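Scroll down for the structure; my scribbles are underneath it.
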Amino acid sequence: MKIDESMKKEIKEEMEKIQAPSSLYEFAKNISEESEKRTEFEKPTERKRGSRKFKFAVAAVISLGVLTGSVFLNPTMAEMASKIPYLGQMFETNPIHEVIQEALEKEGYKSAGIGIISGEKPLIDLRLEGSEEYVDREEDKVLKIVTGILEGRGYDNYELVISAINQGVDTPPTGREKQQMVVLGEKLEEGLKKAGYPIQNVDPFNEVIIVYIPLVDETKEVEIQKTAVELVKANGSSKEVSIAREASYEESEWLDVMIRISEGFSLKKEYQIAGISSNYKPEKMTITITTSMNPSDAEAKKTVAKIRKEITEFLNSEEVKTKTANQKYELIIYDKNGKYFPF
Amino acid sequence: MEQKALMIRIRNGDDEAFAQLVTPLIEKGYRTSFSILKSKEQAEEVVQNSMIEVYRNIMSGKEIAYFNTWFYKLVSHRSIDAWRKNVRLKESALEMDVMTDKHDVMESVLIEETENDIIKGISSLDNRDYRHVLLLYYYQDLAIQEISDMLGLKSSTVKSHLRRARNALKKRLIENQFIGVNYK
């Protein structure tokens, strides 16, 4: 508990630098008058959980598939892989998060999820099911397994955080509540479809109802949201509604490709990547890579050329072309300041 | 007991009693609000509004058992509300660009059993939430469940933030220790 005390002390010291203005004390002395003055003041409504919009996050969800063993860990395949260009190898094996998940399961760990958050040093956020004490105890072993896998792939650019997820913490809805959610979801979907909107799915099981729609223009999205909110209200619920765009088949195929590109580049220091993003439009896919280099950096020219070559080769490979139906793409590589490289 | 007596005086129209009741709490309340909002004006407004809310609650005869805790919780709540409002305003302007156009691929590599967990997973790594968790836990002494309710995060996420912070501090302390050892 020493660490908690140190933390408390540090935060307290930090806070003591903040001085409350004397006007607040005056305000307290005149409270009845101040309260009178602010007749317009109303108690703010309680914030609902999860009211932020997570449009993209939902669209980019990748469901957890059943894994059938890592090809990469097989020496013969690894040898074969060494003859294929770097990014080309990515399809010879499962994505890194799947490999980690599988390895942990093999060792008897229950992983509740792995998140990889981009940045100059991507953060690998690994969550294990179990109590904090359990995770504390197992942390070193898990670290060893995961680091081994990452090193095996030659990845040297990441931060790894392991935390506990206690699945039993949140109270699950009762049978009746669940039934009400189902009914509300069905009514909402039916109502929206009747209104002529292309609804793909409705998820009523959270604090915020999520309505999945295909790619539509912005005005329509706003319209759908508005109608959905009205329908929810009409059905006697005060839940909020969030609209999420469901990826089309083509887009999810691209997403799969992008995951490989992202993994391959971001987790290796040599490429000096700050972020990789993509924008899918039916007519063209745009891939934007932001590096952490200045054009004047010694290695910049060579590194940019290497990135460009690797990606182009990868995107032009038969495997990727089949996946993306040979769709047009544009590749943009930016320097540290978001500007084009002069080469 | 003292506070109960003050509340009776307040109900009888004694403003001075209200000042006596809240004065010892203003400093800490303001500090909390300021650290969340990072704005003197907004923090001041939040504390003022909280005082009015407190006053009106007392006047309406509400029984408040643990006044100090209740007051701090109220200020924290209202500060978080105000902060969310700021974020929402900013987000609505940026959202189209950031959220729908520029898909950050690494962020998309998130797997969890339920989609909702994924969504919260992303938000859980938000540094602002992280900062607030530390503040509410270590400075306001709120319980994990209370923080999770206030911030709309899963309690596991709150715990994970605390863990991250502890680990970071632990690392720093160890590093400092090394320096200490070298000096010997």
Inset, instruction - Keeping to region B:142-164, report how many residues are part of a loop (DSSP other than H, G, I, E, B) and either touching an Asp or Glu at 6+ places or on another chain (Cβ under 7 Å) or more than 9 Å from chain A (Cβ to nearest Cβ) (or both). - result: 4
Inset, instruction - Please determine, by comparing only the residues of region A:105-119 that are of a type outside the set (Ser, Thr, Tyr) and at pLDDT 80 or above, which one is most open to solvent (accessible area, probe 1.4 Å). - result: A:Lys106
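Which one is modelled with the highest pLDDT, of the residues in region A:147-172 that are open to solvent by 60 Å² or more (accessible area, probe 1.4 Å) and within 14 Å of another protein chain (Cβ to nearest Cβ)? Even if it seems obvious, please write down each step before you answer.
First, pick out the residues of region A:147-172 that are open to solvent by 60 Å² or more (accessible area, probe 1.4 Å): A:151, A:156, A:159, A:166-168, A:171-172.
After this cut, where a residue has to be within 14 Å of another protein chain (Cβ to nearest Cβ) as well, the list is A:159, A:166-168, A:171-172.
Values: A:Glu159: 85, A:Asn166: 64, A:Gln167: 50, A:Gly168: 44, A:Thr171: 48, A:Pro172: 52.
Looking at residues that are open to solvent by 60 Å² or more (accessible area, probe 1.4 Å) and within 14 Å of another protein chain (Cβ to nearest Cβ), I get A:Glu159.
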Inset, instruction - Please work out which one of (1) open to solvent by less than 40 Å² (accessible area, probe 1.4 Å); (2) without any contact (Cβ under 8 Å) to a residue 24 or more places away in the chain is the condition A:Ile289 fails and give its number. - result: (2)
Legend entry - Enumeration of residues in region A:297-343 that are of a type in the set (Asp, Glu), closer than 30 Å to A:Ser248 by Cα and at pLDDT 90 or above: A:Glu310, A:Glu313, A:Glu330
Legend entry - Given (1) closer than 28 Å to A:Ser278 by Cα; (2) part of a helix (DSSP H, G or I), number of the condition A:Gly113 does not satisfy: (2)
Inset, instruction - Quickly run through region A:297-335 and pick out the residues that are in a helix (DSSP H, G or I) and under 16 Å from A:Glu270 (Cβ atoms). - result: A:Ala300, A:Lys301, A:Lys302, A:Thr303, A:Val304, A:Ala305, A:Lys306, A:Ile307, A:Arg308, A:Lys309, A:Glu310, A:Ile311
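Say we look at region B:46-58 and pick out the residues that are at the interface with another protein chain (Cβ under 7 Å from one of its Cβ atoms) and free of Cβ contacts under 8 Å to residues at least 24 places away in the same chain; which of these is surrounded by the fewest Cβ atoms within 10 Å (Cβ to Cβ)?
Going through region B:46-58, the residues at the interface with another protein chain (Cβ under 7 Å from one of its Cβ atoms) turn out to be B:47-49, B:51-53, B:55-56.
Subsequent filtering for residues that are free of Cβ contacts under 8 Å to residues at least 24 places away in the same chain retains B:48, B:52, B:56.
On the way: B:Gln48: 18, B:Ile52: 19, B:Arg56: 15.
Checking each candidate, the answer is B:Arg56.
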Legend entry - Enumeration of residues in region A:250-272 that are closer than 12 Å to A:Leu87 by Cβ and touching a strand residue (DSSP E or B) at 6+ places or on another chain (Cβ under 6 Å): A:Met258, A:Ser262, A:Phe265
Legend entry - Unique residue being within 13 Å of chain B (Cβ to nearest Cβ), buried (at least 18 other Cβ atoms within 10 Å of the Cβ), within 26 Å of the chain's Cα centre (by Cα) and not basic (Lys, Arg) when the list is A:Gly264, A:Gly185: A:Gly264
Legend entry - The one condition in (1) over 17 Å from the mean Cα position of the chain (by Cα); (2) open to solvent by less than 10 Å² (accessible area, probe 1.4 Å) that B:Pro24 fails to fulfil: (2)
Legend entry - Scan of region B:15-45 for residues that are at the interface with chain A (Cβ under 10 Å from one of its Cβ atoms) and either outside any helix (DSSP H, G or I) or in contact with a Leu (Cβ under 7 Å, 6 or more places away or on another chain) (or both), ordered by number: B:Ala17, B:Gln20, B:Leu21, B:Ile26, B:Tyr30, B:Thr32, B:Ser35, B:Ala43, B:Glu44
Legend entry - Subset of region A:292-305 that is charged (D, E, K, R) and surrounded by 15 or more Cβ atoms within 10 Å (Cβ to Cβ) - its residue that is farthest from A:Glu92 (Cα to Cα): A:Asp297
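Could you check, for region A:198-218, whether at least one of its residues is of a type in the set (Phe, Trp, Tyr), under 30 Å from A:Ile243 (Cβ atoms), part of a loop (DSSP other than H, G, I, E, B) and at pLDDT below 85?
Yes: region A:198-218 contains one or more residues that are of a type in the set (Phe, Trp, Tyr), under 30 Å from A:Ile243 (Cβ atoms), part of a loop (DSSP other than H, G, I, E, B) and at pLDDT below 85.
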Legend entry - The lone exception for A:Glu102 - which of (1) more than 8 Å from every other protein chain (Cβ to nearest Cβ); (2) at pLDDT below 50 it fails: (2)
Inset, instruction - For B:Asp104, state whether it is modelled with pLDDT under 55, of a type outside the set (A, V, I, L, M) and surrounded by 17 or more Cβ atoms within 10 Å (Cβ to Cβ). - result: yes
Inset, instruction - Return only the number of the condition from (1) assigned to a loop (DSSP other than H, G, I, E, B); (2) at pLDDT below 90 that A:Asn294 does not satisfy. - result: (2)
Inset, instruction - Kindly indicate whether any position in region B:59-75 is at negative phi, open to solvent by 10 Å² or more (accessible area, probe 1.4 Å) and within 7 Å of another protein chain (Cβ to nearest Cβ). - result: no
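The values are calculated or read from the model by the stated rules, or taken from the named source; none is laboratory data. If you're wondering where the values come from, they're calculated on a predicted model, not measured in any experiment. Glycine also receives a Cβ, built like all others from the backbone with ideal geometry; neighbour counts cover every protein chain displayed. Surface areas here come from the heavy atoms of the whole protein model, side chains and all, with no ligands, DNA or RNA. Shrake-Rupley method; radii C 1.70, N 1.55, O 1.52, S 1.80 Å.
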